[in-house]
Amino acid sequence: MSAAETITSIPSSSLESFKTGIGFGVGALGMAVVLNTSAGLLAPFMTNFLGINASTVALLFLASKLYDMVTDPLMGIVSDRTKSRWGRRRPYLLIGGILSAIGFALLFTPPDFESQTSLVVYMLLVLLLLYSGYTVFNIPYLAMPAEMTQSYHGRTVLMTYRMTFVMIGSLLATGSFALVQWLGNDLQAHSLVGLVFALVVIITSVFCFVGTAYANQTAVTTHSYSIGEQVQTAFQNRPLLLLLGAKLCQLVGFTSISATGVYFNVVILQVDYQITSAYLMATSVAVLAALPFWNFVSKRSDKRLVYMVCVTCYALVALTWLFASSDDPLSHLFIRGMVLGFFGAGVLAMGPAMLPDVIEFDFLRTGIRREGIIAAFYTTIEKLSYAIGPSIILLLLDQFGFQSGTSGLDIKQPESAIAAIYLGAAVVPSVLYVISLIFLVRYDLSEEKLIKMRSA
């Protein structure tokens, strides 16, 4: 086996430049719109505007993720083996962006079917199209930072650019609630929002493709490993498994909060979609403001330590939702959101910043360039979490008697459903974040360890 040769080379000092960081980071904006709108707006749209049962919606999310568990590794293999004038990864930024945009537009514009079964089948097929596009884009995209620089902290900088645009995308996604309400809070309003955001996905994907034209890339590695052997040896990467375990718990917890958020705000706190959008925007602004701070702190301490502190504090703050009620001043809602955003910024930034490190560790350990396969594992965990979290909440709501319908969220809910909403907003995410600390305590891949392996 032989190490990959660099096929595009630019001075390492420019890898972390503003231009390269923006070019790489902006690609995350469109995908953040896809994930966050799907996690937040889609479930209420399906249960309370299309009249689909909450358990059925949960099954649709889970089915789409089982599909991803097959397509993600395949896309990683394709990405690793691709040879083109634009490199191994960049062509898929365009293809994935276009597919995602089409799926997103169709998702919020379902035809008027005569039967509920036909509607459910349609939603499943469109979800598969949407997440196929996400897979085609995101797996090559997440593989790129490990190729772009070998700098331990430089990777954190690149991922900070990514997280900045993730949060800008989240801001747009949270604004969808206010936009839907402003447009009439009906089926047509959701359709218009879907079309607008689909355009955002295409624009950011094209910008990312152009903006990474001069970033370092690596060529295909020549080796004798079969696909099965590659996957098997990748799972012998202990830091990777620990990182994936931590991210699974955290993202399931995060998406549980996201999925419960609309129900919690409208049913428990009795605020409308506009206040909900304002709250989510305030949280996203807090994340954006905190990202440079956590980037600064991690350079002077340790990624893992910063990660663990932020996870612990996020879990404690999330637990305070148990004490929230409609009698609270509106300021309490926004204070909680901004504190969650502050610590959430550290959680969201440090995890992805560690991914290029475990990818390099894998290459130094095996000599195989398979950034795509490892990124596929990470993306599968990410997308699986965005299905498991909402599915847990939707199944919980259904079991506790939540009432679905076609007239919005004004339906009076039983006390049992209200209790389930509290559990989903506070207890479920807090417990999962605490469990993730078990994985992070055992994670031991440091900058010094990588330097020693490079020397050897």
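The values are calculated or read from the model by the stated rules, or taken from the named source; none is laboratory data. On a predicted model such as this, the values are computed, not experimentally measured, just so you know. Reconstructed Cβ throughout: ideal geometry from the backbone, glycine too, with neighbour counts over all protein chains shown. Please note that ligands, DNA and RNA were not included when accessible areas were found on the heavy atoms of the full protein model with its side chains. Shrake-Rupley method; radii C 1.70, N 1.55, O 1.52, S 1.80 Å.
Here are the numbers for the structure shown:
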| quantity | calculated |
| --- | --- |
| Helix 91-107 axis, angle to the chain major axis (alpha carbon atoms, nearest 10°) | 10 degrees |
| Contact order relative to length of the chain, as percent, for alpha carbon pairs under 8 angstrom and 6 or more apart | 31 percent |
| Histogram of C-alpha separations across the chain, 10 Å bin width, % | 4, 22, 33, 25, 12, 3, 0 |
| The chain - mean residue ellipticity at 222 nm from DSSP helices (-39,500 (n - 2.57) per run, n ≥ 4, rounded to 500) | -25500 deg cm²/dmol |
| Fraction of accessible area attributable to carbon and sulfur, the chain (%, probe 1.4 Å) | 67 percent |
| Sites Tyr214 and Arg454 - FRET efficiency at Förster radius 35 Å, r taken between beta-carbons, to 0.05 | 0.90 |
| Spacing of the two label points (7 Å from each Cα toward its C-beta) at Leu195 and Ser326, in nm | 3.6 nm |
| Solvent exposure, largest accessible area first (probe 1.4 Å, DNA, RNA and ligands not counted), of Ser325, Ser170 | Ser325, Ser170 |
| For the chain, accessible area per residue (1.4 Å probe, heavy atoms of protein chains only), Å² | 38 Å² |
| Distance violations [Cα-Cα > 21 Å] among Lys19/Lys83; Lys299/Lys449; Lys303/Lys452; Lys299/Lys383 | Lys19/Lys83; Lys299/Lys383 |
| Exposure of Ile203 as accessible area (Å², to 10), given a probe of 1.4 Å and all protein chains | 100 Å² |
| Protein-only accessible surface order, largest first, of Val180, Val285 at 1.4 Å | Val285, Val180 |
| More than 20 Å apart - percent of Cα-Cα pairs taken over region 16-78 | 52 percent |
| Dimensions (Å) - region 305-410, Cα atoms, principal axes, largest first | 59, 32, 20 |
